[in-house]
Amino acid sequence: MAKINRTFLDLKQSYLFIEISKRISEFKKNNPEAPIIRMGIGDVTLPLVPVAVEAGEKAFAEMGVKETFKGYEDSGKGYDFLKKAIAEYYKGFGANVPEDEIFVSDGAKSDSGNISDIFNPDCVVTITDPAYPVYVDSSIMSGKKIQYADSNESNRFAAMPDMSQKSDLIYLCSPNNPTGTAYTFEQLKAWVDYAIANNAVIIYDAAYEAFITEADKPRSIYLIENARKCAIEICSFSKTAGFTGTRCGYTVVPKEIALESPDGLSSTITDANAAWSRRQGSKFNGVSYPVQRAAEAVFSPKGQEQIRSNIAIYRVNAEIITKTLSELKIDFTGGVNSPYIWFKCPWGTDSWDFFDILLKEANVVGTPGEGFGQNGKDRFRLTSFNTKENTEEAMRRLQKLMTDRK
Ligand SMILES: Cc1ncc(COP(=O)(O)O)c(C=O)c1O
C-alpha cells in the first residue's frame with residue numbers, strides 16, 4: 001500500500017476556517033434571521049477592474065482565431081510583454097529588476113509554498129509568529145526545521161532578527177498578513193544584513209505592497225542594499241487588482257543568489273534562479289495567455305488609476321475600523337499600509353472566546369488570531385474587504401457591544 005509522506009504527520013489540523021464556518025453554521029441554525037456581517041475574509045469584494053476584463057476578453061477572442069491562437073507558452077515563465085510591464089513597474093518606484101529574473105505564476109500562495117522545493121530539507125527556516133500559514137505548512141511538508149521570530153506587542157508586531165540564532169531561510173511578509181504592519185527601510189535592512197551574515201535566503205512576500213501609503217515603508221525588498229544577493233520576492237495581482245479568482249502573480253529570483261551543494265557534492269545548478277527555473281520547468285506550464293494580457297493591462301496608466309480607486313475604497317474602510325478602535329482605546333496594528341487590522345481582544349478574552357462573543361452579540365465575524373500562531377492567542381483580525389456600509393454597521397455594533405458589556 002502507498003504510504004503517506006511522513007512529513008504530513010507533522011502538520012497541524014488545518015481547522016481555522018473550517019472551525020469558523022462550523023461556528024457560523026451552528027449560530028445561523030438557531031438564529032436564521034441574524035444579519036451577519038463578515039469582516040474576517042481575506043478575499044477581495046470589488047470585481048476585476050474594467051481594463052483587465054477588456055484585455056482578457058480580447059485575448060480570449062485571439063485564442064479562437066487560427067492566426068493568433070496560442071498553445072503552450074515556450075518558457076512557461078511568462079510572456080515578454082508581461083515581464084516587461086512588471087520590470088517597468090518596479091522601475092517606477094526605483095527598484096531594478098531584470099526581466100530574466102521574473103517568473104510569472106498563478107499566484108503568491110503556490111510560489112511561497114513551492115519555493116521550498118529548491119532548498120535542502122536540512123535548511124533551518126525562520127518564520128515570524130504570527131504568519132500566513134502557508135510558510136509553516138510548506139516548510140513542514142518539505143521536512144525543514146522551523147524556528148520562530150516573535151511579532152508581539154513589544155515590537156509592535158514587526159518581528160526582528162535574533163542575531164544569536166543561525167538560519168538558512170527566512171520568510172518575511174510586508175505589509176503583513178495578519179498583523180497589518182509594514183517594515184520600515186531600516187527594519188528591512190536589519191533583516192537583509194542578518195541574511196547576508198548567515199548566508200541565508202529571504203523569501204519576501206510582497207502580496208500587499210500596493211496598499212503601502214507611508215514613504216518610510218519600502219514597496220519592494222530590492223530597495224534595500226544587498227537584497228539582490230539574498231532575497232526572493234513574491235508578488236500577486238490578487239489583492240492589488242482583484243485577481244483572487246483570475247489567478248496571476250510573479251516571483252523575482254535574482255541570479256546573484258548563490259546556492260551551495262549539500263554534502264560536498266557537485267551540482268550544475270549553483271544559483272537560486274537556475275534552481276527555480278529547473279523546478280518550474282518540470283512542474284509548471286505557465287499562466288494562460290488571456291490572464292497574462294489582463295495582468296499586463298493592470299500596469300497601463302488607466303489600469304493603475306482603476307486599481308488605485310479600488311484600493312482607496314478598502315483604505316476608507318480600514319480608516320473606519322481604526323478610528324473606532326482608537327475611540328474604544330483598543331490596541332491595534334495595521335490598517336494604514338494594509339487591508340488588515342489586528343487588535344487586542346477586549347476584556348482579556350482569548351481570540352476564540354472573543355470570536356463567539358462578537359458573533360453572538362454583534363453578529364459580526366472576524367478571524368481569531370490564534371489561527372496564525374501562538375502570538376495571536378489574544379488578538380483578532382478584521383479586514384477592510386467589504387462595503388463601506390457594512391464596515392460602518394459592523395463598527396457601530398462593536399461600539400454597542402463594548403458599551404453594553406462595560
Ligand atoms: C501574505 C499572503 N501571501 C499570499 C497570498 C495568496 O495570494 P494569491 O492569491 O496570489 O495566491 C495571500 C492571500 O491571502 C496572503 O495573505
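What follows is calculated from the coordinates using simple rules that are stated; it is not laboratory data. Being a predicted model, the structure only gives us computed values, none of them experimental. Positions of Cβ are generated from backbone atoms using ideal geometry, with glycine treated the same way; all protein chains shown enter the neighbour counts.
Taking other C-beta atoms within 10 angstrom as a stand-in for reagent exposure, M160, M39 fall in the order M160, M39, fewest first. Rounded to whole numbers, the Karplus 3J(HN,Hα) couplings from phi for region 104-117 are 7, 9, 8, x, 7, 5, 5, 5, 5, x, 5, 4, 4, 3 Hz, using 6.51 cos²θ - 1.76 cosθ + 1.60 with θ = phi - 60°, and x at Gly and Pro.
Residues whose amide H comes within less than 5 Å of that of G249, counting only those at least five positions distant or on another chain, are S105, D106, G107, F237 (H built at 1.01 Å from N in the peptide plane). A Förster distance of 30 Å, applied to the separation of the beta-carbon atoms of E26 and N152, puts the FRET efficiency at 0.40. For chymotrypsin sites (Phe, Trp or Tyr not before Pro), no site in region 164-220 is both called loop by DSSP and has at most 10 other Cβ atoms within 10 Å.
Once fully extended, how much extra length lies between S266 and F93, figured as 0.36 nm per residue of separation less the alpha-carbon to alpha-carbon distance? Each step should come with its number before you reach the end.
Values: separation 173, 0.36 × 173 = 62.28 nm, distance 3.96 nm.
Here the answer is 58.3 nm.
For a straight C-alpha distance cut-off of 15 angstrom, the aspartates and glutamates reachable from K360 (same-chain residues fewer than eight places away being disregarded) are E26, E33, D404.
Its residue count N sets the reference 2.2 N^0.38 Å, and the alpha-carbon radius of gyration of the chain equals 1.01 times that reference.
I want the antiparallel fraction of DSSP beta bridges within the chain, as a percent rounded to 5.
Numbers: 19 of 39 bridges.
Of the beta bridges lying entirely in the chain, close to 50 percent run antiparallel.
Proximity of backbone amide H atoms, modeled 1.01 Å from N, is registered between C173 and D205 at under 5 Å, excluding neighbours fewer than 5 places apart on the same chain. Label positions at A2 and E361, each projected 7 Å from the Cα along the C-beta direction, are separated by 5.0 nm.
Please arrange E33, E99 by counting, for each residue, the other beta carbons lying within 10 Å of its beta carbon, fewest first.
Exposure proxy ranking, most exposed first: E33, E99.
Residues whose amide H comes within less than 5 Å of that of V364, counting only those at least five positions distant or on another chain, are I37, L359 (H built at 1.01 Å from N in the peptide plane).
Take every Cα-Cα pair in region 289-406 and report what % of them are more than 19 Å apart. Above the 19 Å cut-off, region 289-406 has 51 percent of its Cα pairs.
Of the trypsin sites (Lys or Arg not before Pro) in region 307-380, the ones in a loop by DSSP (not H, G, I, E or B) with at most 10 other beta carbons within 10 Å are K329. As an equivalent ellipsoid, region 297-365 spans semi-axes of 32, 13, 10 angstrom, where each value is the square root of five times an eigenvalue of the C-alpha gyration tensor, largest first.
From the cross-link list K66/K109; K145/K229; K3/K239; K66/K302, which pairs have alpha carbons spaced over 26 Å apart? Walk me through the intermediate numbers first.
Working: K66/K109 34 Å; K145/K229 23 Å; K3/K239 38 Å; K66/K302 30 Å.
Violating the 26 Å limit, Cα to Cα: K66/K109; K3/K239; K66/K302.
Distance between the C-alpha centers of region 1-75 and region 203-240? Whole Å please. Distance between centres, Cα-based: 23 Å. Ranked for footprinting exposure by Cβ neighbours inside 10 Å, fewest first, T367, T7, T268 give T268, T7, T367. Distance between the modelled labels on E186 and S282, one decimal in nanometres: 4.5 nm (7 Å Cα→Cβ projection). Can you give the FRET efficiency for D80 and W347, using 1/(1 + (r/R0)^6), R0 = 45 Å, r = Cβ-Cβ distance, to the nearest 0.05? Between D80 and W347 the formula returns 0.20.
Only aspartates and glutamates eight or more places from K283 in sequence, or on another chain, were considered; those with a Cα closer than 15 Å are E73, D74, D106, D111, D117. Placing R0 at 45 angstrom, the Cβ-Cβ distance between K145 and V65 gives a FRET efficiency of 0.25 after rounding to 0.05.
Round to a whole angstrom and tell me the spacing of the C-alpha centers of region 391-406 and region 116-165. Between the Cα centre of region 391-406 and that of region 116-165, the gap is 36 Å.
Any chance you could run the full-extension gain for Y72 through D162? It's 0.36 nm times the residue separation minus the Cα-Cα distance, nm to one decimal. Walk me through the intermediate numbers first.
On the way: separation 90, 0.36 × 90 = 32.40 nm, distance 4.56 nm.
Extra length from Y72 to D162 when fully extended: 27.8 nm.
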